Amino acid sequence: MASPVEALLRDQLTERRERLESAASSVPDDEQVRRLLREVDAALARVDEGTFGICESCHETIEADRLIADPLMEYCLDHLTKPQRQALEADLDLAARVLRGLLPPPSQSFPGYEVARHYEGAGPVSGDYCDAVSGDGGSLYFAIGDVSGKGVTASMLMAHLHATLRALVPLNLPLDQLVTRASSLFCESALPSHFATLVLGRAGRSGEVEICNAGHVPPLVARGREVARIASTGIPIGMFCDARFSVTRLRLSPGDTVLLYTDGVNEARSASGEEYGIDRLSGLLAGKSAHKTPDLIAACLRDLETFRSGAPKEDDLTLMAVRRVD
Ligand SMILES: [Zn+2]
């Protein structure tokens, strides 16, 4: 494990020890407090001996995201006892439900726009992110993102990103400043190794749209048979605390659509190992821009399914379509 993470966990363990000691002084006979103290001491001893984060059974490394969630872990996922495994599954199930609660409805109407999304994690919890909310003066904010890494840590950071953007939207900041602030907040609170790609858009009542693409796969803008890409204008958020971001401006006419997706779509592979690719997605979108957004998303998913022809899904997969309706 990287040493900054180990240092962080040692600080966490030391802090826990102090809290437990003060709890033990007020309830000296509490068996639970005494047991936790023994476990924390044992974990600190493992840090000193250099065996911290090593599975007691197979001596392989314990999964880093599990250690971050609970530094008292002594076994890797392969060597959990049955009750431990059941407790973990119940926890994951709850986490997945919490995450689903953070998603916008599958289809929504806003003044002048219609939005639909599809969200599908490769595992029980996912680091993909999408949202669509009303802003000041009837504008629509739409966002899609992908947090680096997988599993529980990525999903916690996804929830963090969700809360950050929901809190920043009502401030009605210029879009580049909004993303700059989101990036520095993400940078301050996430682990140094974690970042997120993000597309944040703001669509006004009369079709004026601003999009900031921070290191994400390019959103597609479809006008009739013509499909354009909004290239990334910056690095992912949270990678450097003082990063700055820029904005692309465009105008949508009624019937024009912006399609956002995560790399689980364009990097999907067929049974023969071929990549789906952005060109195929663009081709599919051409001529379908005026379709209702739920129909458009369904068409994308059908084409992906056909392309994959039974090959397993390897990544989280999110699609969101924003169409101007009048
Ligand atoms: Zn093991």
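The values are calculated or read from the model by the stated rules, or taken from the named source; none is laboratory data. Please read all numbers here as calculations on a predicted model, not as lab measurements. All Cβ positions, glycine included, derive from the backbone under ideal geometry; neighbour counts span all protein chains shown. Accessible surface is based on the protein model in full, side chains and every heavy atom, while ligands, DNA and RNA are left aside. Shrake-Rupley method; radii C 1.70, N 1.55, O 1.52, S 1.80 Å.
Numbers for the structure displayed
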| read-out | value |
| --- | --- |
| Checklist (1) of a type in the set (A, V, I, L, M); (2) crowded, with 20+ Cβ neighbours inside 10 Å; (3) not in a loop (DSSP other than H, G, I, E, B) applied to residue 168, failing item | (2) |
| Hits in segment 183-199 (condition: among the hydrophobic types (A, V, I, L, M, F, W, C), out of contact with any Cys (no Cβ under 7 Å at 6 or more places or on another chain) and assigned to a helix (DSSP H, G or I)) | 185, 186 |
| Wholly within segment 212-252, strands (runs of 3 or more DSSP E) carrying at least 2 residues that are in contact with a Leu (Cβ under 7 Å, 6 or more places away or on another chain) and at pLDDT 95 or above | 220-223, 226-229 |
| Among the candidates 84, 12, residue that is within 16 Å of the ligand (Cβ to nearest atom) and open to solvent by 50 Å² or more (accessible area, probe 1.4 Å) | 84 |
| Per-region count, segment 28-57, residues within 16 Å of the ligand (Cβ to nearest atom), hydrophobic (A, V, I, L, M, F, W, C) and open to solvent by 40 Å² or more (accessible area, probe 1.4 Å) | 1 |
| Residue 77 open to solvent by less than 50 Å² (accessible area, probe 1.4 Å) and within 16 Å of the ligand (Cβ to nearest atom) | no |
| Among (1) surrounded by 15 or more Cβ atoms within 10 Å (Cβ to Cβ); (2) farther than 22 Å from residue 150 by Cβ; (3) within 24 Å of the chain's Cα centre (by Cα), the one test that residue 284 misses | (3) |
